[in-house]
1. How many nm separate the modelled label positions at V16 and F52, each set 7 Å beyond the Cα in the direction of the Cβ?
2. With no solvent and one equal point scatterer placed on each C-alpha of the chain, evaluate the Debye formula and give log10 I(q)/I(0) for q = 0.16, 0.18, 0.23 Å⁻¹, two decimals.
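FYI, it's all coordinate maths here, none of it is from the lab. What you are looking at is a predicted structure, and each value in this text was computed from that prediction instead of being measured. So basically every Cβ, Gly included, is an ideal-geometry build from the backbone, and we count neighbours across all protein chains shown.
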Amino acid sequence: MFQFLTEVKNELAKVVWPTRSETVKYTVIVILFSLGVALILGAFDYGLLRLFTVLVSR
C-alpha cells in the first residue's frame, strides 16, 4: 500500500496542470459549445413539432 501511494504521488508530480487562464478559457469554450448544441437541437425539435402539428391537423 505504501509503495502504491508513493507511485501515485510521483505520477501526480509529473502532471502538467493548466493555468487559471487556460481553465477559464476551456470552461467558456465548453459552455458556448453546449449552448450551441442546445440551440441546434431545440430548433430541430421545434421544427419537428411544427411539422407533426401540421400533419396531425389535416
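1. With each label point 7 Å from Cα toward Cβ, the separation is 4.8 nm.
2. Per q value, in the given order, log10 I(q)/I(0) is -0.73, -0.78, -0.89.
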